[in-house]
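Take a look at the structure below.
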Amino acid sequence: HDLKAPLASIAGLLSLCREDFAAGETADLGDNLARAAEIAEHSVSEIESVLLATMTTERGIARVPVDLGGLIRQLWRDLSGGAVSARLELELALPETVATEEATLRTVLRNLLSNALRYRDDMKAELVVQVTARQTGEHLKIIVSDNGIGIPEAVLPEIFGLFRKHGDRGGSGIGLNLVQRSVERLGGRIAATSTEGEGTTFTLDLPIRMEGEA
């Protein structure tokens, strides 16, 4: 599940390369191949992270300093494939790094960004995904908002259930359930609000140590 979106990005980039090659247009071939290779390399790291999380005991994964901005930007590049019609807006009011289980937080953010891309509103010229993060006392609050198709009010209370799917845009129905479980693993909470036709907002509240804390 975690590799599906990056693999789709690789497939899209390679498809562009094939079309350009067939047309004899080589100007963008190098850049697109380099992007596909970069995403593939990151995907190898993702596999290693998933294996680590699977094999870790109940004591959990060691907390390490994480560059939250760098993590979000890298995930966005891999998931969006450089699409010009999708824009990430990032606003972080945090120290340079935060201490957390990187693999677990990566799973949460990857799924939320992937969902925003999947459920974009094709009637709008541009998908805009906003990610803000700030420290509130001893907690880290992350808000992920998009201007996508939104979620019907009747469906919203069930979105974190296993195999609950909204619409016909693919997906396994386990992504948001995995997100909730991962947030709870970190000792936090997640909530969602949405207006159909306007977009969706996910709010994460995580107890997390900032750099330099014991």
- Measuring from label point to label point, each 7 Å out along Cα→Cβ, what is the ALA154 to ASP67 span in nm? 4.8
- Mean separation of Cα contacts under 8 Å (6+ apart) over length of region 74-207, as relative contact order %: 26
- By average Cβ neighbour count within 10 Å, what is the ranking of 79-85, 22-28 from highest down? 79-85, 22-28
- Message: What does the extension gain come out to for GLU198 and ASP121, with contour length at 0.36 nm per residue minus their alpha carbon separation?
- Response: 26.9 nm
- Note on the structure: If the chain between GLU25 and ARG185 were fully extended at 0.36 nm per residue, the gain over the current Cα-Cα distance would be 52.7 nm
- How far, in nm, would the chain grow between LEU90 and ARG134 when pulled straight, counting 0.36 nm per residue and subtracting the alpha carbon separation? 14.7 nm
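Read-outs throughout are calculated quantities, based only on the coordinates presented, and are distinct from any laboratory measurement. What you see is a predicted model, and the numbers here were worked out from it, not measured in a lab. Ideal geometry is used to build each Cβ from the backbone, glycine not excepted, and the neighbour counts take in all protein chains shown.
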